[in-house]
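Structure first, then comments.
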2 protein chains.
Amino acid sequence: MANIFSNIPSELPSEIFEDIVVTENLKIERIVSKGQTSPDIGWYDQSENEWVIVLSGYGVIEYITGVKITLKQGDYLHIKAHEKHRVIETSPDEATVWLAIFY
Amino acid sequence: MANIFSNIPSELPSEIFEDIVVTENLKIERIVSKGQTSPDIGWYDQSENEWVIVLSGYGVIEYITGVKITLKQGDYLHIKAHEKHRVIETSPDEATVWLAIFY
């Protein structure tokens, strides 16, 4: 057993990406942000589908279409493969914990 | 966008199982309990691996080996295929929201 909110350093100079489960067809990943945006340049353009939920803090996702979606605690979103998107804001004061499932 | 904590009835006469994502190789499911245990008789004996996290409330899982594990908010667990287990307790006063990924 482990806890999704544990092992979060108080200082986060950059985002943390951690694999929880990885198989040929699946990746379960924890992402922890604190004010960061990503990717540094350009857009995520993933070959997998992604289901993502915010478990603490908040994040704002922008699609290349211009649509912006704010995800707060418990909010989840499907991002289809090759739907170009990026994270344009995360909570500066508390850690944003994302749980992302790529499949 | 949707929220994992929304659409929870105040009365839960039985557990709620809801598919969020289903593909050939993956199921993401929300389970909401309020005092229930499951399955009604016997043990879960699943052909898939399961990764499960408790997002609110708590639940106690017992393995057929006798090991019992209490999962509180944010705690997660891997349950391998065919590891027989059951839920022997969930919080009676607040909804236990489980997010389970079968793969």
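For region B:9-36, taking the residues that are within 11 Å of chain A (Cβ to nearest Cβ) and assigned to a loop (DSSP other than H, G, I, E, B), the one that is surrounded by the most Cβ atoms within 10 Å (Cβ to Cβ) is identified as B:26.
Pairs meeting the criteria (first residue in region B:22-37 and within 24 Å of residue B:89 (Cα to Cα), second residue open to solvent by 10 Å² or more (accessible area, probe 1.4 Å) and part of a loop (DSSP other than H, G, I, E, B), beta carbons under 6 Å, at least 6 apart or on different chains) are B:32/B:8; B:32/B:95; B:33/B:15; B:34/B:12; B:34/B:95; B:35/B:92; B:36/B:15. Filter region B:60-70 down to residues that are out of contact with any Asp or Glu (no Cβ under 7 Å at 6 or more places or on another chain) and touching a residue at least 24 places away in the same chain (Cβ under 8 Å) and give me whichever is nearest to residue A:26 (Cα to Cα). In this case the residue turns out to be B:61.
Going through (1) assigned to a strand (DSSP E or B); (2) in contact (Cβ under 8 Å) with a residue 40 or more places away in the chain; (3) out of contact with any Pro (no Cβ under 9 Å at 6 or more places or on another chain) one by one, residue B:42 falls short only on (1). Restricting attention to region A:93-103 and to residues that are within 12 Å of another protein chain (Cβ to nearest Cβ) and not in a loop (DSSP other than H, G, I, E, B), the residue that is most open to solvent (accessible area, probe 1.4 Å) turns out to be A:102.
The requirement of being touching a Phe, Trp or Tyr at 6+ places or on another chain (Cβ under 9 Å), modelled with pLDDT of 95 or more and of a type in the set (Asp, Glu) is satisfied by residue B:48. Among the residues of region A:47-92, the one identified as touching a Lys or Arg at 6+ places or on another chain (Cβ under 8 Å), open to solvent by 70 Å² or more (accessible area, probe 1.4 Å) and either part of a strand (DSSP E or B) or charged (D, E, K, R) (or both) is A:48. For region B:42-53, check the following and say yes or no: at least one residue is within 12 Å of another protein chain (Cβ to nearest Cβ) and farther than 25 Å from residue A:73 by Cα. Yes, some residue in region B:42-53 is within 12 Å of another protein chain (Cβ to nearest Cβ) and farther than 25 Å from residue A:73 by Cα. Out of B:56, B:6, one residue alone is out of contact with any strand residue (DSSP E or B) (no Cβ under 9 Å at 6 or more places or on another chain) and within 13 Å of chain A (Cβ to nearest Cβ). It is B:6.
The values are calculated or read from the model by the stated rules, or taken from the named source; none is laboratory data. What you are looking at is a predicted structure, and each value in this text was computed from that prediction instead of being measured. Every residue, glycine among them, receives a Cβ derived from its backbone with ideal geometry; neighbour counts consider all protein chains shown. Note: accessible area is taken over every heavy atom of the protein model, side chains too, but ligands, DNA and RNA are not part of it. Shrake-Rupley method; radii C 1.70, N 1.55, O 1.52, S 1.80 Å.
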